[in-house]
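Presented below is the structure to which this report refers.
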Amino acid sequence: MWAYVARRLLGLIPVLFGISLLVFGFLRAIPGDPAVVMLGERGTPEQVEALREKLGLNRPIPEQYLIFVGQLLQGDLGRSTFSLLEVRSLLIAKWPATFELAVAAMLVAILIGVPLGILAAVRKNSIWDNLATSFALIGVSLPVFWLGLMLVYLFAVNLQWLPSGGRLSVEADAFFRPVTGFYVLDSLLQRSGVADVLSHLVLPAVTLGTIPLAILTRITRSAMLEVLSQDYVRTARAKGQTERVVIWRHALKNALLPVVTIIGLQFGTLLGGAILTETIFSWPGIGSWIYEGIINRDYPVVQGGVVFVALVFVLINLLVDLSYALLDPRIQYR
Amino acid sequence: MRRQWLMALALSALASAGLAQRTLVFGHEGEPVNLESGNITDGVSIYAQRQIYDTLVDFKAGSTDPIPALATSWFASPDGKSWTFRLRQGVKFHDGTDFDANAVLFNVNRWWDPKDASRIQGGANYEIWGELFGGYKGTDGSFLKAVRVVDKYTIRFDFGAPLPYFPVAIGAGYFGIASPAAVKAQGAKYGTPAGGAVGTGPYRFREWRVGDRLILEKNPTFWKQGLPKTDALVMRFIKDPAARLAELKAGSIDLTIQIPPANLGAIESDRNLDPVLRPSFNVGYLALNPSYKPLSDVRVRQAIAMAINKKAIVQAFWGKLGETNGHFTPSSFKTYWSSEVTDYEYNPTKAKQLLAQAGYPNGFDLEFWYMPVSRPYFPTPKEIAEAMGADLSAIGIKVKFQTKDWATYLDDRKKAPGFQAYMLGWTGDYGDPSNFFDPHFASPITDLFDAAGKQLDVKELNALLARGSSSTNQAERIRIYQQADKIAFDLALRIPIVHSQPLLAKRKNISGWVPSPLGSESLEDVVKTNL
């Protein structure tokens, strides 16, 4: 298995090289000059030219790419042309927020979506099945922006049960100090602010988790239905196994492969940031950061951000592939 | 273990109850780019800097009238080419070092001198100095020729020509005076989340959590006795206006800025909220480029000005938050308005007659560019463009709407022959009419072109503006800008559509907030009371 992992990790090199080339090329292909955006309505042509010179945009594009890749190989993602801050330090500051939200959203999706899918499959064509499939349909159809705002107005503005945005209340600043950037972890370690941090996670996690939840419900339902019609399930039932054992031990374990695949893909996508959810809940993640980088033509931010997100996505998928062996002993990696 | 948790919870509750009363939470429209003064022009950064730094000159609350700040008085030399500032004594920076003339010299050199050792290299530009004062040390255009420390609390600026508006320009929020010791100590980190910023202002830097919030605390040695009135100021970065409004309603922020005008009714009807209006200091205009055939005829441009029902458009999109009057400058500059300018009456019939006289009785095709982004002067550019387009079609001008992403929009309008007709605007930096007229009408005009594709040069207006920028006689300056107002109106190269009042909002328990027309104000006077 380790040889397989090593091979997959080596395979990352051409993938990341291709991604670096694509993101670099696309950024240069879209019209709009970073110097013009930075100077805004006021910039004179002379100022634009001087800034282009300073940012190295006057150099030939292949040379700019070589500089970018050279820095990348040394772990240097450059500096944001807007804030002059190191992209690496910005990533380190923003990544924990994205990770925490993605994990919370996936928990919402898995803890509700998978049982709902199982219920729909086991009670096929019943009212439960109809309810679950309708719920899944609504889940994938609801615009995230609308859902997020509705949740804010209901639970934060009207009922005042939950905070409307951010990761921490201003009041919590008095007794809680973020250290690692992973606020849940920090609050648990400091034994303070746990409720405050968790309460800030609820609405964004529900908003972001709705679509994966709906997808998981549907995938779990169809995977379970397929497995439940297999001979070995019929055999298990014929042997007099209880329905609970048939479903949980025989059917679910075999139905999990496609479910885990989808979980991996969805999780990888969420780790790339969630622009809409981050915007509604003022969540300082990397999605809206990269989006702003595109609008501002902040090349180092977009290049560094996209390469990092791609790396995470590939690694998550590698983990998913490895988990197959745990779920199905017939799968072996060589 | 359980007891420890309960204790922690109880302490948290107590601490939070006290803190909530003494901490002002400001819903900011974004995250500052940097807190180094003189190096950043975006409004978000300037608003944050305004809380940390003082400028030499400040402005009376809610107006553009200059008042003493770090400078207690200032005067010009008889020839108007020098300005001397007497500085306030006994002021300390947040790091405990003294404020004096050498500190001002240090800051000015950093902004003005490209070779200054304290400059943060690697991308920083300090472009605002060059833009407002003609260039940098060693360049031909630089207005400033020398800056000298006269004594510990007196500094003198020498210019190549009279610069009557220098005190108000140096009072702009860009030019906060930073602690030389802190800038030297932090180097490239100064102004960043890692390095913070050190000024003499009402609040001092405590922490900047990237993407989340800026935490400032009361400056206990602030030179204004009894201020600021809150112990801490937290600026939360909430980019989406709908999210800001929701947080204000939920009570997790106390005050916020840049709310779309359409929300005025919702704020007025909320029993916990108050709308707050910032005095107008902007202009949203429609530029008509004479490099294109029909628009090169002034009668065609005037016909367009007449065909657009500006009053109805302003009423529809801004309600009571906007005004239209034909003047290019907002009402803060009423003194400089020409009494001969009364806006073109909305009259499609007369507009059609003018078009016919110009040789276009059946109208013509017009490419009409609208901005892809929202600005206080045009919060919903597309819809406003469509309203103008509908008016133009009534006189036979067939409008083809165009837009591009913001970067390209800004760039391409300056490439000859430029856009035919396009929307843009301006928010002023300081309280002088030159700040509105010069960037738009002084030669060469970089985004309007003549028939040959050269940058437009309106000689008469340019000569007038050059005199206005250098005259030290206030009465003469008023006459000059009144003439410029009239000429700009008659030329109809940029038709002023609106001077808008940005909408801000606060919770009812917040008082003492007087917004400045200049776009940012210190929150030192703001009081938060329990309801």
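The values are calculated or read from the model by the stated rules, or taken from the named source; none is laboratory data. Not measured: the values here are computed from a predicted model. FYI the Cβ positions are ideal-geometry reconstructions off the backbone, even for glycines, and counts take in every protein chain you see. When the accessible area is computed, the model is the full protein with side chains, heavy atoms only, and any ligands, DNA or RNA have been set aside. Shrake-Rupley method; radii C 1.70, N 1.55, O 1.52, S 1.80 Å.
What 222 nm value per residue comes from the helices of chain B, counting each DSSP H run with n ≥ 4 as -39,500 (n - 2.57) and dividing by all residues, nearest 500 deg cm²/dmol?
Computed mean residue ellipticity for chain B: -9000 deg cm²/dmol.
How much area per residue is accessible in region B:427-508 when the probe is 1.4 Å and only protein heavy atoms are counted (Å²)?
That works out to 34 Å² for each residue.
Quick check for me: using +1 on Lys/Arg Cβ and -1 on Asp/Glu Cβ, what's the dipole size of region B:314-423 about its Cα centre, in debye to the nearest 20?
For this selection, approximately 120 debye.
Tilt of helix A:87-122 relative to the longest C-alpha principal axis of chain A, in degrees (0 to 90, nearest 10)?
Approximately 20 degrees, to the nearest ten.
Return the distance in nm (one decimal) between the two label points of a simple spin-label model at A:Gln74 and B:Ser511, each offset 7 Å from Cα along Cα→Cβ.
Modelled inter-label distance: 6.0 nm.
Angle, helix B:43-52 long axis vs. longest principal axis of chain B, Cα atoms, 0 to 90°, nearest 10?
So the inclination is approximately 30 degrees.
Roughly how much accessible area, to the nearest 100 Å², goes out of reach of solvent when B and A pair up, both sides summed, probe 1.4 Å?
Roughly 4600 Å².
Run the quick spin-label model on A:Ile13 and B:Lys459: label points 7 Å from Cα toward the beta carbon, then report their separation in nm to one decimal.
6.9 nm
So which residues in region A:133-153 end up with at least 50 square angstrom less accessible surface once the other protein chains are there, compared with the chain by itself, probe 1.4 angstrom?
By number: A:Tyr153.
Counting other Cβ atoms within 10 Å, which trypsin sites (Lys or Arg not before Pro) in region B:28-85 have at most 16 and lie in a DSSP loop?
B:Lys60
Quantify, in whole percent, the carbon and sulfur part of the accessible surface of the protein assembly as shown (1.4 Å probe; protein heavy atoms only).
Taking all protein chains in place, the protein assembly as shown shows 59 percent carbon and sulfur surface.
For chain B, just list the percent of Cα-Cα distances falling in each 20 Å bin from zero outward, please.
Reading the bins upward from 0: 21, 51, 25, 3, 0.
Got a sec? Which residues of region A:38-64 lose 50 Å² or more of accessible surface with every protein chain in place, vs. that chain alone, 1.4 Å probe?
Hits at the 50 Å² cut-off: A:Glu41, A:Arg42, A:Gln47, A:Lys54.
At most 15 other C-beta atoms within 10 Å and a DSSP loop state: those are the exposed chymotrypsin sites (Phe, Trp or Tyr not before Pro) I care about. Give me the longest piece of chain A that has none.
Result, exposed sites excluded: A:162-332.
For B:Ala61 and B:Gln474, FRET efficiency with R0 = 22 Å and r from the beta-carbon atoms, rounded to 0.05?
0.45
Determine one quarter of the surface area of the Cα convex hull of the protein assembly as shown, which equals its mean projected area, and express it in nm² to one decimal.
Mean projected area for the protein assembly as shown: 42.5 nm², to one decimal.
For region B:420-465, take N as its residue count and report Rg(C-alpha) divided by 2.2 N^0.38 Å.
Against the compact-globule rule of thumb, the ratio is 1.24.
Stretch B:Thr154-B:Asn362 to full length: gain in nm at 0.36 nm per residue minus the Cα-Cα span?
Computed gain between B:Thr154 and B:Asn362 is 68.3 nm.
Could you compute how much accessible surface B:Asp450 exposes when probed at 1.4 Å, giving the result in Å² to the nearest 10?
Only protein atoms counted, so the area is about 50 Å².
How big is the gap, in Å, between the Cα center of region A:260-318 and the Cα center of region B:131-208?
A separation of 39 Å, based on Cα centres.
How far apart, in nm, are the 7 Å Cα→Cβ label points at B:Ala451 and B:Ser374?
So the label points at B:Ala451 and B:Ser374 sit 4.3 nm apart.
Peptide B:249-255: average number of partner chain Cβ atoms within 10 Å per residue?
Mean partner shielding for this stretch: 6.
With the contact rule set at Cα under 8 Å and sequence spacing of 6 or more, what percent relative contact order holds for chain B?
20 percent
Going Cα to Cα from B:Lys311, which lysines come in below 24 Å? Please leave out same-chain ones fewer than 8 positions away.
Reachable lysines: B:Lys320, B:Lys334, B:Lys350, B:Lys352, B:Lys382, B:Lys398, B:Lys400, B:Lys486.
Relative to the longest principal Cα axis of chain B, at what angle does helix B:2-22 sit, 0 to 90 degrees, rounded to 10?
50 degrees
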